[in-house]
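Everything on this sheet refers to the single structure shown next.
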Amino acid sequence: MLPRHQRQHNPFGNRGDKPGDSRKSFQVDRDRILYSSAFRRLAQVTQVVTAQEGHVFHNRLTHSLKVAQVARRLAERLLAEQPLVAEAIGGIDPDVVEAAALSHDLGHPPFGHTAEEELDACAIKAGLADGFEGNAQSFRILTRLAIHRIDYYGLNLTRATLNAILKYPWLRSPDKQSKKHCKYSIYNLDREAFQFARPELNEFQSIEASIMDFADDITYSVHDLEDFYLAGLIPLELLATDWDELDRFTTEWLRESPENLVARAVKANPHRFQNFLDATYNLKGQYRPGSFEQKAQIKRISSQLIQTYIHSVQLSTKYGDRGYLKYNRNREEELKFLQRIVWSYVISNPRLATQRYGQKRIIRTLFEIYLEAIRDRDLSFIPARFVKEFLEIEENSHSTTQVTQEKTRMAVDIVAGLSEAEAVVQYRRLIGISQGSFLDNWN
């Protein structure tokens, strides 16, 4: 863990802060992220199901705002209750935690995890060994792609904030059996920024990254479940009272993940998890679906659960499964149980299969078209905000291999940076479904 005095250095020289600015460096970080166009884009990026379905679901923007709120409150609580332990593990700054939480989903492409998988496959096929990963893209946005000043790329954030965004502080592993193959926070081309953020070059999350990570788990476990329960897609009362339904749910989970420890725990002690649901989400049919009373009760339940989980962790000087956070195993299993309910009844629902097929096709087609334009040096086709970088790649790269890698990564950046509305419009226009207008400007 970096000593406190080393955590305030800035990556690429002078931050360029305005004279008389009374904000602390970490507050500047938080504000720069909040005001970035990359953050605004999240309003048009799906969390699980698009709001176009006719129900008000969370998107990546509202999710990120709630993660930031939960993360900050958790950081403040830990600081107040365990100040000496916090100091021993390098210190905790709530502004750093909030900044990391606001930026943790910046790298998600349009259409969420479906597009993430497709873009990863496209990038690998095109020659990028480290493919695509949303966490690595978030770090790349903060250090390279976001626009703030004309004299540098990225947001020029402090080392502490960059370190706090690193949920998986390592490069992609070539070993496909390794856990690091699936989750990582750094692309090969971003090693320099990574080495600035983590001069120690170990694989431990900073405490601020661990707080952000845990707040993310709390938020999407509780709020996604709330969304889909209110939409009538998750039968929580049935799971809480019907033994056969819970057994079917658990059997399916174990069939997909036979080594999953939480699935095994549910199988071994189903009464405990039924009692958990019965004591929380089972409203026992007292309220009409969609009524004021039902929604108020669900809001109450969500609030109580979030408070329970915020108070379920303590700081520790020993590094474990959640970094320097010592968690309550029962509460951890409840979180993963709630996450699986959303996965089983919503994310893996066959009714979304046709949507996913179309979304993958949009991503694949856009990537292929932009990559071809970049390789052909068609500057009229490359979005205007990337032209400066494109010319610098050709001028400054030292090898043909590096030029090829940089250009392929640029095609990834272009597609990943689209909102869902932009992706659909561009796709329809490029394949001839809709000609669009001469006045359209998506650059």
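The rows are residues; the columns are (1) touching a Cys at 6+ places or on another chain (Cβ under 6 Å); (2) closer than 18 Å to Asp224 by Cβ; (3) at pLDDT below 95.
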residue	(1), (2), (3)
Gln286	no, no, yes
Ile310	no, yes, no
Gln314	no, no, no
Asp321	no, no, yes
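Of all residues in the range 23-50, those that are under 17 Å from Ala101 (Cβ atoms) and among the basic types (Lys, Arg) have Cβ atoms under 6 Å from Cβ atoms of residues that are part of a helix (DSSP H, G or I) and at pLDDT 95 or above, 6 or more apart or on another chain, in Arg30/Asp95; Arg30/Glu98; Arg30/Ala99. For the range 369-379, the candidate set comprises residues that are surrounded by fewer than 15 Cβ atoms within 10 Å (Cβ to Cβ) and under 23 Å from Ile433 (Cα atoms); within that set, the residue that is nearest to the chain's Cα centre (by Cα) is Glu372. Among the candidates Arg356, Arg409, Arg351, the residue that is surrounded by 15 or more Cβ atoms within 10 Å (Cβ to Cβ) and under 30 Å from Leu277 (Cβ atoms) is uniquely Arg356. The set of residues in the range 380-393 being within 23 Å of Asp151 (Cβ to Cβ) and surrounded by 12 or more Cβ atoms within 10 Å (Cβ to Cβ) consists of Ile382, Pro383, Arg385, Phe386, Val387, Glu389, Phe390, Leu391, Glu392, Ile393.
Restricting to the range 55-68, and then to whatever is within 17 Å of the chain's Cα centre (by Cα), surrounded by fewer than 19 Cβ atoms within 10 Å (Cβ to Cβ) and hydrophobic (A, V, I, L, M, F, W, C), can you tell me which residue is modelled with the lowest pLDDT?
Step one: filter the range 55-68 for residues within 17 Å of the chain's Cα centre (by Cα), giving 57-68.
Of the ones still in play, those that are also surrounded by fewer than 19 Cβ atoms within 10 Å (Cβ to Cβ) are 61-62, 65.
If we keep only those that are hydrophobic (A, V, I, L, M, F, W, C) too, we end up with 61, 65.
On the way: Leu61: 92, Leu65: 95.
Once the filter is applied, the top-ranked residue is Leu61.
The helices (runs of 4 or more DSSP H) found wholly in the range 187-263 and carrying at least 1 residues that are touching a helix residue (DSSP H, G or I) at 6+ places or on another chain (Cβ under 8 Å) and not hydrophobic (A, V, I, L, M, F, W, C) occupy 207-230, 236-241, 243-256.
For the range 392-443, taking the residues that are assigned to a loop (DSSP other than H, G, I, E, B) and of a type in the set (S, T, N, Q), the one that is modelled with the highest pLDDT is identified as Ser419.
The values are calculated or read from the model by the stated rules, or taken from the named source; none is laboratory data. Bear in mind the structure is a predicted one, so any value in this text is a computation, not a measurement. All Cβ positions, glycine included, derive from the backbone under ideal geometry; neighbour counts span all protein chains shown.
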